[in-house]
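Take a look at the structure set out below.
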Amino acid sequence: MKVIVTGGAGFIGSAVCRLLAGKNGCEVLNLDKLTYAADMRTVGVISGRRNYSFVQEDICNKPSVEKVFENFQPDAVMHLAAESHVDRSIDGPAEFIQTNVVGTFTLLEVARDYFNGLDDVAKRHFRFHHVSTDEVFGTLGNEGLFTEETPYAPNSPYSASKAGADHLVRAWHHTYGLPVIISNSSNNYGPYQFPEKLIPLMILNILRGKKLPVYGNGQNTRNWLHVEDHAEALFTILTKGKLGEKYNVGGCNEVNNLEVVRKIFDTVRALVPETGCKKFDDIVEFVPDRPGHDWRYAIDPTKIRTELGWTPKYSFDTGLLHTVKWYIEHRDWWEPILKNKYSGERLGQRAVK
Ligand code: NAD
């Protein structure tokens, strides 16, 4: 199977590329623009393989993306390229509309032309897998779960741009017959996550003896999914999922942000007692909340579990331990990022007067 993975130099896309490149009979082409969030070291371990290649390209650049399809002749597209950080979408939504909406539209048009030119056998195999987020469903109160039938109600520029992309993908299936699948996953964590996101930021702040900024009262609640479990789920959906269907992907855990930060603190302190921090309460700093901060997300993963047989291998505790160890052992990965790209400053406050 020949697969184009868009956004394959990012956090989740690179985990997908690493997984696919290790599968017999898979050939992967990683198509990535290489924004600030990308890092070619995430695919370093597979870069020399014969079944892996890379092209630096913007999904909004239709003629160039057409050439990539023409040359590679994919059996499938796994579309992960996106602007992905909610706080950055609050400061500057334009890039999110451009990549997540216009970029997805452009990719769908290229895929549609390509699909129409395939013979009947190739048409039967082809699929376009759009990778999305549970944030498109908006926020839950204290009860309930997101199912595949939950109506869309996005609240941030990021989630609205992803919701727009999901709707386009759905429409290209219903109107043009493009064989698509959509998956919506909960928050991911794991190795190689850019340190603007909650879990790596907190790990690195503890290791660097810095304060731990917690938004609002820290009670906002999320489901957490280890990135390797997500990559496995995406492969399962690609190979076993039904065309035209949606699948929710999530770990069965619910943890509020303050608990997440406390678990990280305890895990880092157990592994590196000399981090020099005092008590947890002394280094936590409650900071003004994110504008429009969704209260609670919780995925019901029954469909992917019962219909496709996927289950996560990590619990939140085992996944967090694995992740904390990885960051402790990979200073050479994150130190240059903190020095050259992002040093841990607060984002998403420009809209706040
Ligand atoms: P990321 O920010 O780590 O990586 C995104 C990648 O996309 C980067 O390598 C970047 O260079 C590339 N990219 C951005 N704009 C591009 C463009 N115009 N053309 C080509 N490449 C471009 O993101 P991530 O966390 O790995 O998320 C991947 C996908 O999964 C996104 O679609 C995101 O919405 C979705 N998702 C993420 C999470 C999460 O918790 N991180 C949860 C659910 C869904």
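The values are calculated or read from the model by the stated rules, or taken from the named source; none is laboratory data. As the structure is a prediction and not an experimental result, all values here were calculated from the model. FYI the Cβ positions are ideal-geometry reconstructions off the backbone, even for glycines, and counts take in every protein chain you see. The accessibility values were calculated without ligands, DNA or RNA, using every heavy atom of the protein model including side chains. Shrake-Rupley method; radii C 1.70, N 1.55, O 1.52, S 1.80 Å.
Taking Lys and Arg as +1 and Asp and Glu as -1, the other residues whose beta-carbon sits under 13 Å from that of Ala231 total 0. For the range 189-205, backbone phi angles converted through the Karplus equation (6.51, -1.76, 1.60; θ = phi - 60°) give residue-by-residue couplings of 8, x, x, 6, 7, 4, x, 6, 7, 3, 5, x, 4, 5, 4, 5, 5 Hz, Gly and Pro being listed as x. Cross-link reach is defined here as a Cα-Cα straight distance under 14 Å, omitting same-chain residues fewer than 8 places apart; for Lys339 the aspartates and glutamates meeting it are Glu196. When peptides 158-165, 237-244, 94-101 are sorted by average Cβ neighbour count within 10 Å, with the highest value leading, the order is 158-165, 94-101, 237-244. For Lys67, the aspartates and glutamates whose Cα falls under 18 Å of its own Cα, not counting residues fewer than eight places away in the same chain, are Glu27, Asp32, Glu57, Asp58, Asp75, Glu109, Asp113.
With the simple model of a label 7 Å out from the Cα in the direction of the Cβ, Asp281 to Leu118 spans 6.0 nm. Say the cut-off is 31 Å between C-alpha atoms; which of Lys33/Lys263; Lys62/Lys162; Lys263/Lys313; Lys2/Lys325 go over it? Cα-Cα > 31 Å for Lys33/Lys263; Lys2/Lys325; rest within. Here the chain carries DSSP beta bridges of which approximately 10% are antiparallel, counting only pairs with both residues inside.
Note on Lys341/Ile97: beta-carbon distance plugged into 1/(1 + (r/R0)^6) with R0 of 25 Å gives a FRET efficiency of 0.65. Entry note, the chain: the mean residue ellipticity at 222 nm calculated from DSSP H runs of n ≥ 4, each adding -39500 (n - 2.57), is -12000 deg cm²/dmol after division by the residues and rounding to the nearest 500.
Once backbone amide H atoms are built at 1.01 Å from N, Val249 has Asn184, Ser185, Ser186 as its partners under 5 Å, excluding neighbours fewer than 5 places away on the same chain.
For the range 1-71, the share of accessible area belonging to carbon and sulfur comes to 49 percent (1.4 Å probe, ligands and nucleic acids excluded).
Normalised per residue, the accessible area of the chain is 42 Å², obtained with a 1.4 Å probe and no contribution from ligands, DNA or RNA. Counted residue by residue at 0.36 nm each, then reduced by the alpha carbon distance between them, the extension gain from Gln73 to Gln219 reaches 47.8 nm.
Ligands, DNA and RNA left out, the accessible area of the range 134-286 computed with a 1.4 Å probe is 50% carbon and sulfur. Ordering Gly244, Gly141, Tyr36 by Cα displacement along the dipole of the chain toward the positive end leaves Tyr36 in first place; charges were set at the Cβ atoms of Lys, Arg (+1) and Asp, Glu (-1). Neighbours of Arg208, meaning other residues whose beta-carbon lies under 11 angstrom from its beta-carbon, give a summed charge of +2 when Lys and Arg score +1 and Asp and Glu score -1.
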